[in-house]
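Worksheet for the structure shown next.
The values are calculated or read from the model by the stated rules, or taken from the named source; none is laboratory data. Everything quoted here is computed from the prediction, not taken from an experiment. Using ideal geometry, Cβ is built from the backbone for each residue, glycine included, and neighbour counts are taken over all protein chains shown. To get the accessible areas, we keep the full protein, side chains included, count just its heavy atoms, and leave off ligands, DNA and RNA. Shrake-Rupley method; radii C 1.70, N 1.55, O 1.52, S 1.80 Å.
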Amino acid sequence: MSADLLSVLFKRRSQVDSGGETWESKPEKSIADATHLKDLKFGEKIPSAQQWLQQLEVTPEEDMLTEALADGMIERRQALPAHFLATMSKADTDRLSELAAALAKMQRDFAAEHASLGEQQEELTRREAELRAREEEIEAERNAQQRREEERRNYPQPTWLENIEGTMNIGVLGNSGVGKSLLINKLRRLRPGAHDWAPVGVIETTREPTMYKFPGQPDVRLWDLPGAGTAAVPSETYIQDMGLRYFDKVLICTAHRFTSIDVELRAELENHKVPFYMVRTKVDIDVWNNQQDNRADEKTTLKSIRDDLLNNHGLASVFLVSSREPESYDMTHLVAELFPGMKRQMDSSAPHFCPAAPAWNDAWAMPIMFSAVMTGLQGRWYDGYSAVYLVQGGQVHVTLSQGHRALVTLTEINGRVWWCNRWFVDEESVRKARCRGELRWSPVQPSDENLVWWWSD
């Protein structure tokens, strides 16, 4: 090593040493203490979170949706969607054979009667017209079957999408982070952590098409589809690769602006007459951010989003939804469009809508309404002590890392929800938690530290 280089290094070291400082480590007190758990009653008789959810009563809304789906499946079995590329069934070939046999009989009868009709030109003309109409009908049927076979070769049915004639399939597509999985869970009315809960994450959790059945109606299936435009799923062949022409309906989801790929998919679906819906997710976060940044109210924010989608994408019909607040915005309208039976359930002019009838049962009971604070707490959370909190209604199922379990009842007084009467949250705390994923419970006693939960789902 040259003398010049050594000189420079020693000079630099002296400069670093002269400017250096010594710090004594003094970490802040951990927020992961367990004082908020010491008063809970843990016991072996407390069921697991999944068992506890299964024990909870089915809500009237869930009953209503199940009935609507059952009605929809009955109608669907009677007539498949018009855009379907159904396989050539024995009924199709039998129909063509029957038409051909009927035509052959008409031709024989016409030949036999032609001579006897003689000068009855009017009757002869009528019979010739009938014969031509039948020939055209057979030709049209034969061409339709040939086109269907050719389209099935160009758009093969995916091997993973089975029994399309006997099931209702709805595809949910979009890029990572737009909230597809949580939307699927909310559309199925699943409680967080329940059986068959679609995994939720900020990274791409959907690598290949994943099917989720509706509870109580397994023939109705929602498919979480990977986003288009990646090396694994190129946009040019997305409709073929995902078999979108074999779905009853398709949801195109985004959390911000629709991409050029989304718009191209929309055009392709329109071209093939596949019913689709454009869905803008996470609007609750936009509403909150715009209120904090610009003091804009909810109505103004929603109008701004719709205007942007109309002016920049030409989308006049978009569903604005929030999976965190499924009762708000357009979620109920989206469910009604996806499942027409649900729309009839809520139509007071429909023949079967008669809540005053003697058969009025629990399915027509008024749903339990929660405050904005309690609504914002629903779902699964965890803390720095590795405890998991599953909030359902006013109850919380607590599971420790060691497997110990407890049940806690939340209390709500004057707009505040209380944990063990020592910590509370209000509407402002919940609003911040929706955006940050961090919920801070404020202590009553100065000696208590803040209780912090983080959103899990």
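If packing is taken as the mean number of other Cβ atoms within 10 Å per residue, what is the order of 248-257, 147-156, highest first? Walk me through the numbers before you get to the answer.
Working: 248-257: 20.3, 147-156: 12.5.
Averaged packing, sorted descending, gives the order 248-257, 147-156.
Across the alpha-carbon set of region 234-346, the Rg to Rh ratio works out to 1.00, Rh being the Kirkwood radius.
Legend: calculated FRET efficiency, K303 to M211, from the Cβ-Cβ distance at R0 = 51 Å, rounded to 0.05, equals 0.90. The order of the peptides 430-436, 162-168, 279-285, 218-224 by mean Cβ neighbours within 10 Å, most packed first, is 279-285, 218-224, 430-436, 162-168.
Across the accessible surface of region 239-336, with the other protein chains kept in place and a 1.4 Å probe, carbon and sulfur atoms take up 47 percent.
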